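Each reported figure results from applying straightforward, stated rules to the coordinates on display, with no laboratory input. Predicted, not measured: the structure shown is a model, and the values here were computed from it. Cβ placement follows ideal geometry from the backbone for every residue including glycine, while neighbour counts extend to all protein chains displayed.
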Amino acid sequence: MFSDKDIAHFSNLETPFYYYDLNLLRDTLKTCSDAANTYHFHVHYAMKANFNDKVLAKIKETGFGADCVSGGEVRKAIESGFAKNKVVFAGVGKSDKEINYALDQDIFCFNVESLQELQVINDLAGKKQKIAKVAIRINPNVDAHTHANITTGLDENKFGINSWDMPAAADILNASAHLEFVGIHFHIGSQITNLDVYKNLCVRVNEFAAWFEDKGFTVKILNVGGGLGIDYHQPNAQIPDFEAYFRIFSDFLDIKPHQEVHFELGRALVGQSSSLISRVLYVKNGKKKNFIVLDAGMTELMRPALYQAYHQIENLSQKSNAVKYDVVGPICESTDCFGKEVALPETFRNDLIAIRSTGAYGEVMASNYNLRDAIVTVTSDDVASS
Ligand SMILES: *Cc1c(COP(=O)(O)O)cnc(C)c1O
């Protein structure tokens, strides 16, 4: 929700830009951190959701660790002040260069996604006379009931090591002098709104943890990944129910006294704290359709083009809902569309448009396709001090 002061501030600025509500971000982080603390759970922030410096600074202050999916993210986490012993590194395709960098930084753990990767990390750690801490990322074949493009825990997905390869993984771990097994890792998908999915995940986590312990391994870390969704239809309802989410894991995981439960939340922590603010360039009224052409496009926010994602669209300059428009960007692609048949007030050139809930997988996916200008960000602190 935007105050008159916000809108007055926006109207003096060049568009498009990402607006961050740092107060909402702080409240969201605190709610999550308080809920996690009640259960003694550990949270690593999934950096790929948003690595804006101001966002990272708030997250670091909360005391969360960092979950990284590239060498660049590992570097960014460390440079942003996240403790090295709270940095984890996942990803199906870690290059030798990335692994070597992470070994040099003595990060907390590699979440390993193939048998071959286990051997490569062992070899590279050996050359440095180091012991690499590893967790096995297991593909548990649990359906996340989310969009197919953001499902990661089914047999047909590229992520993690399949259950039938666990004996081979155990053999490699036993034979590798430069690997220290710390636990098991899962991440079954993103934008998960049906919490029952997590009960199914807990059942699988319990099975795999028991299997490794039977084989003589100590499973210290149960890392259940992230994926908690947000309500894109209620951008003003805002803070996800972290308490209900953590309670499921507390109720359904068999947590032994020597075990820690780790989470990797991205979207749920940052998603609602941002909107993409844009101006109307043109209104084209046709026979079949009315179009609003914005000065923001898929180059600023890719989710609608990439996975038909819904974002609420608001006209900040007019009131009353009267007309249906297709809201499109300026990019030379037909998928450059933010919403079809969106009910909006009658809209005019230069109206300010807010595309809501863009804090996760928004700014980070911006590209300079069509040689677009680099994206700009504005925060609630800028508005407060104006
Ligand atoms: C993307 C990702 C996450 C975070 O997912 P969200 O849906 O944003 O919570 C967590 N863990 C891994 C390994 C990921 O790749």
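For the chain, the 222 nm mean residue ellipticity estimated from helices alone, with every DSSP H stretch of n ≥ 4 adding -39500 (n - 2.57) and the total spread over all residues, rounds to -9000 deg cm²/dmol. Peptides 65-78, 32-45 ranked from most to least packed by the mean count of surrounding Cβ atoms within 10 Å: 65-78, 32-45.
Given in Å, the Rg to one decimal and the Dmax to the nearest whole number for the Cα atoms of the range 229-386 are 18.8, 67. Across the range 186-198, rounded Karplus estimates of 3J(HN,Hα) from the backbone phi angles (6.51 cos²θ - 1.76 cosθ + 1.60, θ = phi - 60°) give 9, 7, 9, x, 10, 6, 8, 10, 9, 5, 4, 3, 6 Hz, Gly and Pro being marked x.
Between their Cα atoms, which of Lys289/Lys324; Lys84/Lys215; Lys97/Lys127; Lys60/Lys84 are more than 19 Å away from each other?
Lys84/Lys215
Could you work out how far the C-alpha centroid of the range 201-255 sits from that of the range 157-177, in angstrom? After rounding, the separation between the Cα centres reads 21 Å. Backbone amide hydrogens, once placed in the peptide plane, bring Ile230 within less than 5 Å of nothing, excluding anything fewer than 5 places away on its chain. Here Lys199 is the anchor, and the lysines within straight C-alpha reach of less than 24 Å, apart from those fewer than 8 places off in the same chain, are Lys158, Lys220, Lys256. Of the peptides 368-380, 90-102, 167-179, the ranking by mean beta-carbon count within 10 Å, highest at the top, reads 90-102, 167-179, 368-380. Relative to the longest principal axis of the Cα atoms of the chain, the long axis of helix 242-252 lies at roughly 30 degrees.
Distances between placed amide hydrogens fall under 5 Å for Leu316 paired with Leu352, Ile353, Ala354, all partners being 5 or more residues away or on another chain. Less than 5 angstrom separates the built amide H of Leu179 from those of Ala132, all sequence-distant by 5 or more or on a different chain. For the pair the range 300-371 and the range 76-106, the centres of their Cα atoms are 35 angstrom apart.
Would you mind classifying the range 58-161 by shape? Square roots of the alpha carbon gyration tensor eigenvalues, ordered a ≥ b ≥ c; an a/c under 1.5 is rounded, otherwise it is prolate if a/b is larger than b/c and oblate if not. Oblate. In this simple spin-label approximation, Asn100 and Trp164 carry label points 7 Å from Cα along the Cα→Cβ vector, and these lie 3.6 nm apart. Ranked from largest, the principal axis spans of the Cα set of the chain equal 68, 40, 40 Å. For the range 299-380, the share of alpha carbon pairs falling in successive 5 Å distance bins from zero is 3, 13, 24, 25, 20, 13, 3, 0 percent. What the phi angles of the range 277-291 give under the Karplus curve with 6.51, -1.76 and 1.60, with θ = phi - 60°, is a coupling list of 9, 9, 10, 6, 8, 9, 10, 10, 9, x, 6, 9, 9, 10, 10 Hz, glycine and proline written as x. Computed packing ranks the peptides 346-358, 294-306, 317-329 as 294-306, 346-358, 317-329, most packed first, by mean other Cβ atoms within 10 Å. Enclosing the Cα atoms of the range 170-257 in their convex hull gives a volume equal to 114 cubic angstrom per residue.
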